[in-house]
Amino acid sequence: MSGGLINDNRAVILGGGIILGSVTNSNVQTEFLMSGGEIRNNEAGKGGGVFFSGGIFTMSNDALISGNVSTADDYPGGGGIHIDGEKGANADNDRRCY
């Protein structure tokens, strides 16, 4: 993603804005490079903005994740980014997630 906007999306369970990886197959590897742009005002049970369960997720330049909501009442959800299990994500210098 080089610039652009992912905005006002809704998912009942996972990843209102985007889903990376697979919750059923740990061998699935995805890669998402967010160089600028914004993921905002999305909603899901887990990962209102981003649900990450494997692969590579990198934010760079002026990438912004803001105003996303986790709607889960019965388990931790992650409004901006939900990192499922022991996975990794990278953010360089001036990247913001709130």
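The values are calculated or read from the model by the stated rules, or taken from the named source; none is laboratory data. Every value quoted in this text rests on a predicted model; they were computed, and no experiment measured them. As a convention, Cβ positions derive from the backbone with ideal geometry for all residues, glycine included, and neighbour counts pool all protein chains shown.
Restricting to the range 49-77, what's the tally of residues that are of a type in the set (A, V, I, L, M), assigned to a loop (DSSP other than H, G, I, E, B) and either modelled with pLDDT of 90 or more or on the phi > 0 side of the Ramachandran plot (or both)?
Let us first name the residues in the range 49-77 that are of a type in the set (A, V, I, L, M), namely 50, 56, 59, 63-65, 69, 72.
Still in the running and assigned to a loop (DSSP other than H, G, I, E, B): 63, 72.
Okay, now just the ones that are also either modelled with pLDDT of 90 or more or on the phi > 0 side of the Ramachandran plot (or both), so 63.
Selection size over the range 49-77: 1.
Looking only at the range 18-48, count how many residues are in a loop (DSSP other than H, G, I, E, B) and at negative phi.
So in the range 18-48, the residues in a loop (DSSP other than H, G, I, E, B) come out as 21-30, 36-37, 41-42, 45, 47-48.
From the residues that got through so far, the ones that are at negative phi too are 22-30, 42, 45, 48.
The number of residues fulfilling the criteria is 12.
On the given criteria, is LYS46 crowded, with 17+ Cβ neighbours inside 10 Å, modelled with pLDDT under 95, out of contact with any helix residue (DSSP H, G or I) (no Cβ under 7 Å at 6 or more places or on another chain) and of a type in the set (Lys, Arg)? Quick ask: steps written out before the conclusion?
Details: crowded, with 17+ Cβ neighbours inside 10 Å: yes; modelled with pLDDT under 95: yes; out of contact with any helix residue (DSSP H, G or I) (no Cβ under 7 Å at 6 or more places or on another chain): yes; of a type in the set (Lys, Arg): yes.
So LYS46 passes the test.
Pull up the range 16-37, narrow it to residues that are small (Gly, Ala, Ser) and at pLDDT 70 or above, then point me to the one that is surrounded by the most Cβ atoms within 10 Å (Cβ to Cβ).
Taking the range 16-37 first, the residues small (Gly, Ala, Ser) are 16-17, 21-22, 26, 35-37.
Applying the additional criterion that residues be at pLDDT 70 or above yields 16-17, 21-22, 35-37.
Values: GLY16: 29, GLY17: 27, GLY21: 22, SER22: 15, SER35: 14, GLY36: 15, GLY37: 18.
Of everything passing the filter in the range 16-37, GLY16 is surrounded by the most Cβ atoms within 10 Å (Cβ to Cβ).
Considering only residues that are modelled with pLDDT of 65 or more and surrounded by 11 or more Cβ atoms within 10 Å (Cβ to Cβ), which ones fall in the range 78-92?
Quick first cut of the range 78-92, residues modelled with pLDDT of 65 or more only: 78-85.
Answer for the range 78-92, where residues must be modelled with pLDDT of 65 or more and surrounded by 11 or more Cβ atoms within 10 Å (Cβ to Cβ): GLY78, GLY79, GLY80, ILE81, HIS82, ILE83, ASP84.
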